[in-house]
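Comments concern the structure below.
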Amino acid sequence: MIGGYHPVSEALVRYGLIVRGGFNFVDDEDVPLGPSGVSAKSALLIGQAGAAPWPHFQRWLGQQARDIANPLDTWSREVIGAFAQEFGARAVSPSDRPYLPFQQWAMRAEGLKPSPLGVLMHPTYGLWHAYRGALLFEDEISLAQAHKATHICDTCVAKPCLKSCPVDAYSADGFAHRACLAHVRGADGAPCRAGGCLDRNACPYGAAYRYPADVQAFHMAAFAGV
């Protein structure tokens, strides 16, 4: 039995990462494997609030001798993988294939729901948070069941997140991926390339955790391939 996750939380701080909640698997679900190859019994989600990991990632990136195709994923795997070894767990990533249900795990661990943009809305962090990986254990974690968080989007009448994009990339019909890419890559997409998604930035919640412009530009460049 793992008595909570405070040692993991304390270890993650030096990389700007935090535990984003955890849960125990139940017998009737498709359970991933733990470090020894038997079914895991519990999961701790690892992620960030705001851009706290950015300086740690930038320091690491500056020490790399070659270009890396997906540097943030690589850094996250390296850091979380080291903690997996330290705490006797298996590290998994949202980009692992076959894909693991990270969004469902996140909603389960923290009681969150998606915003109109698809990003999970957090009552404190707003849209400015992320999940970088998870630790899978072969013992149960002793922790309280996650309470369903207040979903801010349900009480937001103005919905500025659906009114700021010049090409209406987000709507009730879903995400217009091609229209978004064409705009970001085009002459009129400079504001998006420099400062991130206009719809996401229009959301007033979690402003204290908003990613700085250079961080948003990094993510936009990775998304749009520019």
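Structure values in brief
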item	result
Pairs of lysine residues in the chain - Cα separation under 23 Å, sequence separation of 8 or more or cross-chain	5
Theoretical gain in end-to-end length, A222 to A179 [0.36 nm per residue, Cα-Cα removed]	13.8 nm
Difference of contour (0.36 nm per residue) and Cα-Cα distance, S9 to A65	17.1 nm
Cα centroid separation - the stretch 31-79 against the stretch 95-146, whole Å	15
Within the chain, longest stretch free of exposed trypsin sites (Lys or Arg not before Pro) [DSSP loop, at most 11 other beta carbons within 10 Å]	67-147
17 Å reach of a label modelled at A52, 7 Å along Cα-to-Cβ, counting backbone N of the stretch 205-226	206-212
Calculated FRET efficiency for the pair S95/K163, C-beta based, R₀ 30 Å, to 0.05	0.45
Distance in nm between pseudo-label sites at E78 and D139 (7 Å out along the Cβ direction from Cα)	3.0
Length-normalised contact order for the stretch 156-224 - Cα pairs under 8 Å, 6+ apart - percent	34
Paramagnetic reach from V26 in the stretch 127-170 [backbone N under 18 Å; point 7 Å along Cα→Cβ]	140-149
Sorted by Cβ density within 10 Å, fewest first, the residues T155, T150	T155, T150
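Just so you know, all these numbers are worked out from the coordinates, no wet-lab data involved. A quick note: this is a predicted structure, and the numbers were derived from the prediction, not measured. Heads up, the Cβs are rebuilt from the backbone with ideal geometry, glycines too, and the neighbour counts pull from every protein chain shown.
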